[in-house]
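Each remark here refers to the structure printed beneath this line.
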Amino acid sequence: MEWLNQLIIRTMPLVPKSIIRKISSRYIAGETLEDAVRVTKDLMALGGMSTIDVLGEFVTTKEMALHERQMCSIVLDAINENQLESYLSVKPTSLGLGIDFDFAYSNIKMLVEKANSFGLFVRLDMENSPYTDKTFEIFKKLRSEGFQNVGIVIQAYLYRSENDIRKLASYKPSIRLCKGIYRESPSIAIQDKEGIRNNYKKLLQLIFELGLYPAIATHDEVLIKFALEIIQKYNLNRKDYEFQMLLGVREDRRNELLRNGHRLRVYVPFGKDWYGYSTRRLKENPDIAGHIFKALFFKN
Ligand SMILES: Cc1cc2nc3c(=O)[nH]c(=O)nc-3n(C[C@H](O)[C@H](O)[C@H](O)COP(=O)(O)OP(=O)(O)OC[C@H]3O[C@@H](n4cnc5c(N)ncnc54)[C@H](O)[C@@H]3O)c2cc1C
């Protein structure tokens, strides 16, 4: 079946968008902010939290970036007004990082400033490698301007990540640790599943040893178990870490972690620009071929 999944992944651009949309709907709250608010309230009823993401990335014009900023700003209002257990995640390229550093910085700073006034947090998602240094630069600059309510993401597939954690440790950042989703060259990124897993374990251990706050972002059972072992070994308080998962992925396991008293935050994307995010999620679904066949040949 793996060869079939790979074939489907390579030919995904040929799959009609209507089919992609149908089978990826579980990964997205909906097109509107109300959808993200509703999903967050449902999660809160289970004892969970969310981070809300306005879909959109790699924008090419300043107008698009400003529109994105406006949407993010409205998200902050909604989190504040509805008293949601939530914060904002932003993709720096959606706010103009691919256009101009200073322009993107001023957009992100405006959001971080507003979030700060509400007592809210902003996570800088990490995109592909041309933006790694620039994203850390934005984080450091915000910190140098006194903003503590901003956090970063470290990707376990990058060889540089251990060094990045050590270099950034003095800022005491909140770190979301994930495997990494973009296609990167073997010269800079580990390619095999087991190698990425091993590096993830090493980095998570390092984050705990350095006394930094980890957001353990994975659905991989091996890594969840590893994290739980460390948490038990060091007798960590539930406030010292959180798990993070993506909307629509391993919801049973998510609910089990919540029932067992762990803090867990779900990444809740919403918006009209759903295609890029959806295809990335589908490529990670071990049963992608089955889903596509079902969607193509069965109406429901
Ligand atoms: C909260 C959060 C934020 C993230 N932010 C970033 C970021 O800023 N930058 C970045 O590069 N990456 C980010 N990622 C994505 C991450 O890098 C991985 O690509 C993704 O989480 C899958 O890796 P995994 O650790 O779950 O392991 P995998 O080995 O991919 O998955 C483990 C198991 O989880 C299940 N699973 C995983 N994905 C799916 C799916 N789509 N559908 C159905 N089942 C699935 C399967 O059972 C699979 O065997 C984020 C992930 C999370 C959870």
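Among the residues of the range 229-276 satisfying the criterion of being among the aliphatic types (A, V, I, L, M) and away from the ligand (no atom under 15 Å from the Cβ), which is farthest from Ser18 (Cα to Cα)?
Let us first name the residues in the range 229-276 that are among the aliphatic types (A, V, I, L, M), namely 230-231, 236, 245-247, 249, 257-258, 264, 266, 268.
Now narrow it down to the ones that are away from the ligand (no atom under 15 Å from the Cβ): 230-231, 236.
On the way: Ile230: 43, Ile231: 43, Leu236: 46 Å.
Among residues in the range 229-276 that are among the aliphatic types (A, V, I, L, M) and away from the ligand (no atom under 15 Å from the Cβ), the one farthest from Ser18 (Cα to Cα) is Leu236.
Could you check the range 180-197 and list, in sequence order, the residues that are within 11 Å of the ligand (Cβ to nearest atom) and open to solvent by less than 70 Å² (accessible area, probe 1.4 Å)?
Here is the first cut: in the range 180-197, the residues within 11 Å of the ligand (Cβ to nearest atom) are 180-184, 189, 193-194, 196-197.
Result: Gly180, Ile181, Tyr182, Glu184, Ala189, Ile196, Arg197.
No other residue among Lys272, Lys225, Lys239 is open to solvent by 100 Å² or more (accessible area, probe 1.4 Å) and touching an Asp or Glu at 6+ places or on another chain (Cβ under 7 Å) apart from Lys272.
Note on the range 198-221: residues that are open to solvent by 30 Å² or more (accessible area, probe 1.4 Å), near the ligand (Cβ under 9 Å from one of its atoms) and touching a helix residue (DSSP H, G or I) at 6+ places or on another chain (Cβ under 6 Å) amount to 0. When Lys140, Lys193 are checked against the criterion of being free of Cβ contacts under 8 Å to residues at least 60 places away in the same chain and either within 18 Å of the chain's Cα centre (by Cα) or more than 26 Å from Thr279 (Cα to Cα) (or both), a single residue qualifies: Lys140.
Candidates are the residues of the range 108-143 that are within 16 Å of the ligand (Cβ to nearest atom) and of a type in the set (D, E, K, R); the one that is surrounded by the fewest Cβ atoms within 10 Å (Cβ to Cβ) is Asp133. Selection of the range 144-179 for residues being within 14 Å of the ligand (Cβ to nearest atom), open to solvent by 20 Å² or more (accessible area, probe 1.4 Å) and free of Cβ contacts under 8 Å to residues at least 40 places away in the same chain yields only Arg160.
The values are calculated or read from the model by the stated rules, or taken from the named source; none is laboratory data. Since we're looking at a predicted model, the values are computed, not measured. FYI the Cβ positions are ideal-geometry reconstructions off the backbone, even for glycines, and counts take in every protein chain you see. The protein model used for the area step is the full one, side chains on, heavy atoms only, and it has no ligands, DNA or RNA in it. Shrake-Rupley method; radii C 1.70, N 1.55, O 1.52, S 1.80 Å.
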